[in-house]
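Working notes for the structure below.
The values are calculated or read from the model by the stated rules, or taken from the named source; none is laboratory data. The structure presented is a predicted model; accordingly, all values stated were derived computationally and were not measured. As a convention, Cβ positions derive from the backbone with ideal geometry for all residues, glycine included, and neighbour counts pool all protein chains shown.
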Amino acid sequence: MTLGIETSCDETAAALVADGAILSNVVASQMDLHARFGGIVPEVAARKHVEAIGYVIKEAVDSADKKLADVEAIAVTSKYGLIGSLLVGVAAAKSLAYTLKVPLIGIHHIEGHIFANIISNPKVPMPHVCLTVSGGHTMLVYVKGLCQYEVLGNTLDDAGGEAFDKIAKFLGLGFPGGPVIDKVSAQGNRAAFNFPRPLWRSKTLDFSFSGLKTAVVNMFKGKERSTLPIPDIAASFQEAVVDHLVSKTVQAAWRKGVSAIGVTGGVAMNRRLREVFSDVSRQERYKVFFTRPDLCSDNAAMIAAAGGARLGYGDIAGLDLSAVPNAPLESVA
Ligand code: KG4
Ligand code: ZN
């Protein structure tokens, strides 16, 4: 039974997972706190993690009807995220691993998202290509096997979710922007504006969203907001993002010769993205596996699951485990 701890961004999360089954999955979101700033404030996030972490871990254990003494391993997000936030989870995990005398496993945040997809779809074949797209990251990974990775593409500037958040802010739709753009777009015409498709002709499997964002802003800058066709702009922008994400992912799957695609991360909840990927699944030779909606956003069940897999390979960290904000995604040795 693995206790997972995740504090890489603005969610304080703890979960108990045993043999791939989620026994509890507790997430304390700071979203409302950051909403008034229009984005995440790292200092505020770190302080809130300190306040919440003890309660969240206790709730994860209590709600599974277990005791801390039942925990056999502790997995924590130690790589990739905000340094102040990561440090809180890592310190909590180390203290618990020391006190309970159980193995400690450090997990890369993106590996967690990949495992969110694997536990959502236990039959997802290996190898497959996995797209992780959220507020903090956009990454294409060739998943050769459990804990075996090759990174194929990354964002060159903003993350996909960040682009949603910034355009929503520009349109006066609030934070977080993804869900509201998703909703407003349902009333809009996605062909109303032909926004540029980033890196369209390029062979790269990387992503870029800042040029698209600038194109949208430049087209409507200085215009009275109440006169703007908000649903049409939202739907056309969303279409460009979805096109960009789907085309690079399909290209990656084709190049790697795999027939399975996983989609995970906060933006994986987007209805148009799911619709277009479902079309791909129907028309082409690819089967697309979506992450369960409750596991798309940051959570600790995905970290516990990744920890369980790494523990199987004997990949145990020492109590000198440190938090690394920008570490690469690495395969197990
Ligand atoms: O995975 P997540 O909760 O946190 C990070 O690791 O960043 O992702 C949050 C991001 C936000 O940028 C949010 O706007 C976006 O996911 N998001 C969506 C949708 N729901 C959440 N983006 C597009 N459509 C959605 N339905
Ligand atoms: Zn994430």
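Of all residues in the range 196-210, exactly one satisfies the criterion of being touching a helix residue (DSSP H, G or I) at 6+ places or on another chain (Cβ under 6 Å) and among the aliphatic types (A, V, I, L, M), namely L205. Checking each residue in the range 281-305 for being under 15 Å from A13 (Cα atoms) and within 15 Å of ligand 1 (Cβ to nearest atom) picks out D294, L295, C296, S297, D298, N299, A300, A301, M302, I303. The single condition among (1) assigned to a helix (DSSP H, G or I); (2) within 16 Å of ligand 1 (Cβ to nearest atom); (3) surrounded by 24 or more Cβ atoms within 10 Å (Cβ to Cβ) that L131 does not satisfy is (1). Residues in the range 185-208 that are away from ligand 1 (no atom under 11 Å from the Cβ) and either of a type in the set (D, E, K, R) or not in a loop (DSSP other than H, G, I, E, B) (or both): 6 in all. Residue check: L96 meets all listed conditions (1) more than 16 Å from ligand 1 (Cβ to nearest atom); (2) over 19 Å from L311 (Cα atoms); (3) not in a loop (DSSP other than H, G, I, E, B) but one, namely (2). Scan the range 177-196 for residues that are at pLDDT below 95 and within 30 Å of E330 (Cα to Cα) and jot them down. Listed by number, the list is empty, since nothing qualifies.
Only one entry in V76, V102, V44 is over 16 Å from the mean Cα position of the chain (by Cα) and not in a loop (DSSP other than H, G, I, E, B), namely V44. Has the range 247-262 got at least one residue that is buried (at least 17 other Cβ atoms within 10 Å of the Cβ) and within 16 Å of ligand 2 (Cβ to nearest atom)? Yes, some residue in the range 247-262 is buried (at least 17 other Cβ atoms within 10 Å of the Cβ) and within 16 Å of ligand 2 (Cβ to nearest atom). Can you find a residue that is farther than 30 Å from L68 by Cβ and away from ligand 1 (no atom under 11 Å from the Cβ) anywhere in the range 104-122? Yes, the range 104-122 has at least one match. Could you tell me whether L319 is in a loop (DSSP other than H, G, I, E, B) and touching a helix residue (DSSP H, G or I) at 6+ places or on another chain (Cβ under 6 Å)? Criteria met by L319. The residue that is nearest to K58 (Cα to Cα), counting only those in the range 26-38 that are assigned to a loop (DSSP other than H, G, I, E, B) and touching a helix residue (DSSP H, G or I) at 6+ places or on another chain (Cβ under 7 Å), is Q30. Residues in the range 209-226 that are more than 28 Å from V151 (Cβ to Cβ) and either part of a helix (DSSP H, G or I) or not small (G, A, S) (or both): V216, V217, N218, M219, F220, K221, K223, E224, R225, S226. Scanning the range 59-93 for residues that are surrounded by fewer than 19 Cβ atoms within 10 Å (Cβ to Cβ) and under 21 Å from P103 (Cβ atoms) yields K66, K67, L68, A69, D70, E72, A91. Cβ-Cβ distances below 6 Å connect the following pairs, each with a first residue in the range 130-141 that is under 13 Å from H108 (Cα atoms), a second residue that is among the hydrophobic types (A, V, I, L, M, F, W, C) and near ligand 1 (Cβ under 8 Å from one of its atoms), and a separation of six or more residues or different chains: H137/A159.
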